[in-house]
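All of the numbers you see were taken from the coordinates with simple rules; none came from a lab. Model, not experiment: these values are computed from the prediction. All Cβ positions, glycine included, derive from the backbone under ideal geometry; neighbour counts span all protein chains shown.
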Amino acid sequence: MRILVANKFYWPKGGAERVMFDLNRGYEARGHEVVPFSMRSARNVPSPWAKYFVSEIDFTKPAGPIAKLGAAVRTIYSREAAHSIGALVRAARPQVAHLHNIHHQLSPSIVEALRQEGVPCVQTLHDYKWICPSYLLFTEGQVCERCKGGRFHEAVIHRCIHGSWAASAAAAVEMTVHRVARTLERGIALAVSPSRFLAAKLAEFGVDGERVRVVPNGVDLRELPAASGAGNGFLFAGRLSLEKGVEHLLEAVGLAHGVRLSIAGEGPREEALRRRAQETAPGRVEFLGALSREQVLQRMRAARALVLPSVCYENAPLAALEALGSGVPVIGTRLGGIPEIVRERVNGLVVEPADPKSLAAALEELEQDAAQARRWGENGRAMVAQEYALDRQIESMLAILQEVSSSASR
């Protein structure tokens, strides 16, 4: 098959891009051809199809009112993206399209353009954008489902996008326009959810369950050497933002006797977290800043456990799979897809969100029992090999793409 793969970033920005590039390599290794579509960027992986990419837009950079208005319009419908992907389809003639993160920068305009060109689409859902204007089902410091039933104006009332009324309004209008136009319903044959939790949440919000398939993310154990034994100290690796719950982790470290924590990552809460660490656990928290993936993996293998203190609905965090695949147990919160990966007292511990006392108890238990940490890490690596192998994910995705392509050609 010739597979058109669309994602707004074509460089290893985050977990969604990691999944995309892993799948792309898997498709090509099995004799299929990948035709990418994305934004232009100096950071992009080179591609012979890059001349069809669209201009780059960065919503995090300051912009004037005219530029902001143009960006808002583009989130709803990008004429440039629709035109460019149409030209790409006519040049490459793909049998099927696999979409990843397309909203805002590319916009659902490409879904309609692909439908008009007769290219069937599958989309992997890395977040909650199908049902939530802000992607996260999280606002004002807590889980939020106010937009259920198409009440997207709630995103404006609560300024869910970066605290901005204008950005929130643009996202709410985008969701409303494409819901009324049935853009995703008409243009995407099947949606792929990496977790059972997300699939169930989609159904709660009214998405037809027949259109959703669950395919867990996978990792390649050949890239994850096993830890030599129970490590020392605990690791958090991720964005330093409110929904990740790092404040509660710092409180827990302060309560836990003798526990040390390393924090890998950067984000808007970094300065506040540094101050909080000095207040709650002076001398026991190390901030590592942004690290490369290999550096994070090295830190994982040296840690007693990875900690995911999230207070949002995590979908299917790759960090948990990589830690377990490396033979390192995980402590996570009982939210979203985390409990599907972290099995209580089998490969780690699951605690209630925003509960520093329970989290402190979990940290102390693993700190005091290296043998148990080692057993749970071994169990985690065995689980990943059996249930979350990258080859398994690739084969499942190819079967879905072939199914959709074959159905469209009948």
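Could you line up Val54, Val214, Val111, Val307 from fewest to most neighbouring Cβ atoms inside 10 Å? Can you show the working numbers first?
Details: Val54 22, Val214 16, Val111 26, Val307 32.
Fewest-to-most Cβ neighbours within 10 Å comes out as Val214, Val54, Val111, Val307.
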message = Tell me the angle of helix 79-92 to the major Cα principal axis of the chain, expressed in degrees between 0 and 90 and rounded to the nearest ten.
response = 80 degrees
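Distance cut-off 18 Å, Cα to Cα: go down the list Lys201/Lys357; Lys13/Lys201; Lys13/Lys148; Lys8/Lys129 and report the pairs above it.
Details: Lys201/Lys357 29 Å; Lys13/Lys201 26 Å; Lys13/Lys148 30 Å; Lys8/Lys129 14 Å.
Lys201/Lys357; Lys13/Lys201; Lys13/Lys148, as the Cα separations exceed 18 Å there.
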ask   = Which value in nm describes the separation of the simple spin-label points at Ser396 and Ser47, placed 7 Å from the Cα toward the beta carbon?
value = 2.4 nm
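Just rank His257, His158, His104, fewest to most, by other beta-carbon atoms within 10 angstrom.
Details: His257 9, His158 16, His104 23.
With the sparsest Cβ surroundings first, the list reads His257, His158, His104.
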ask   = In 5 Å bins starting at 0, how do the alpha-carbon pair distances of region 256-410 split up by percent?
value = 2, 9, 15, 19, 20, 14, 7, 5, 4, 3, 2, 1, 0, 0
ask   = Within region 325-389, which trypsin sites (Lys or Arg not before Pro) sit in a loop by DSSP and count at most 13 neighbouring Cβ atoms inside 10 Å?
value = Arg345
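Quick check on the chain: helices-only [θ] at 222 nm, where DSSP H runs of length 4 and up contribute -39,500 (n - 2.57) each and the sum goes over total residues. Nearest 500, please.
Working: 16 runs with 179 residues, N = 410.
Computed ellipticity for the chain at 222 nm equals -13500 deg cm²/dmol.
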ask   = Among Trp376, Trp49, which comes first, second and so on when ranked by fewest other beta-carbon atoms within 10 Å?
value = Trp49, Trp376
